[in-house]
Amino acid sequence: MRRIILFILSVFVSVSLFAQNELLAGADSAYLKEDYRQAISLYERALEEYGPSPTAFYNLGNAYYRTDRIGLAILNYERALKLDPSFKDARTNLDFVNTKITDKPEDDSSFLGNAYESIVQSLSPNAWAWVALAVFVLLLGSIATYIFTRRVIIRKTGFFGAIILIFLLVFFISVAYNSANRLYRHDRAVVMVPTTNLTSAPRSPKSKTEKVVPVHEGTVLRIVDSVATPDDAASHMYYDVKINNTTRAWVKAADVERI
């Protein structure tokens with residue numbers, strides 16, 4: 001009975017993979033024929049039926065860029081990189097499309113902050129976990145060298161090596177944790193409309209003199225909080241967002257989409 005169940009499951013998985021590959025092959029074919037609307041339809045269907053895939057998100061982003069929908073292109077490149085931060089082609093295309101954003105907000109992050117971000121994004125969460133494990137094994141080796149070796153020079157090497165490896169282990173565990181945590185966070189969003197306004201309160205401006213800051217399609221925002229506004233005709237929900245480390249305001253939830 002168990003063998004029969006395993007056989008049925010294996011057949012089901014094989015059929016499912018075949019159907020998925022056929023669907024993606026059709027999407028790739030449509031893209032190569034420059035039928036981008038058909039490619040978009042097939043990539044979205046594949047993602048809906050078979051679940052998230054970095055490659056499918058990447059190809060969908062390419063198709064959206066070819067149809068001049070920058071916001072959706074950036075959204076899908078970001079989703080591809082969320083699943084696989086080491087996806088170099090998605091990173092390259094995202095950096096290129098980001099140059100097309102009108103009046104892109106200034107990045108006020110520190111040099112060290114950007115360096116740490118680059119390190120986190122260079123490998124997948126699993127890869128960073130393996131790096132941390134390798135450092136832990138080296139740490140155990142250094143401790144063993146210090147305890148069981150009699151030669152002074154080797155013991156000193158093991159002692160100071162262990163101290164360095166402890167700091168490296170803590171650092172790589174932090175990187176692995178942050179990389180994995182991003183898979184489950186949904187606090188970033190992309191502006192989907194040509195232009196939306198950041199306001200000082202979660203409501204439509206009451207007068208022309210009230211300060212608003214326009215942001216454009218493709219801009220990535222970090223969501224801090226949200227509030228329902230059922231009495232506001234323009235939007236029934238607003239997000240409290242940051243566009244960098246210093247600018248914080250409210251934006252219509254309908255104008256953005258979470259990554």
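Please go through region 218-240 and pick out each residue that is in a loop (DSSP other than H, G, I, E, B), open to solvent by less than 50 Å² (accessible area, probe 1.4 Å), within 17 Å of Val193 (Cβ to Cβ) and not small (Gly, Ala, Ser).
Thr219, Asp232
Quick check on region 142-150. Is at least one of its residues under 29 Å from Tyr116 (Cβ atoms) and in contact with a Gly (Cβ under 8 Å, 6 or more places away or on another chain)?
Yes, there is a match, as at least one residue in region 142-150 is under 29 Å from Tyr116 (Cβ atoms) and in contact with a Gly (Cβ under 8 Å, 6 or more places away or on another chain).
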Those residues of region 41-65 which are assigned to a loop (DSSP other than H, G, I, E, B) and free of Cβ contacts under 8 Å to residues at least 24 places away in the same chain, in sequence order: Gly51
Filter pass, Pro202 being in contact (Cβ under 8 Å) with a residue 24 or more places away in the chain and part of a loop (DSSP other than H, G, I, E, B): yes
Considering only region 233-240, I want to know if a residue exists there that is polar (S, T, N, Q) and closer than 19 Å to Asn98 by Cβ. no
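The values are calculated or read from the model by the stated rules, or taken from the named source; none is laboratory data. This one's a predicted model, so the numbers in the text were calculated from it and none came from an experiment. Reconstructed Cβ throughout: ideal geometry from the backbone, glycine too, with neighbour counts over all protein chains shown. Accessible surface areas use protein heavy atoms only, side chains included; no ligands, DNA or RNA. Shrake-Rupley method; radii C 1.70, N 1.55, O 1.52, S 1.80 Å.
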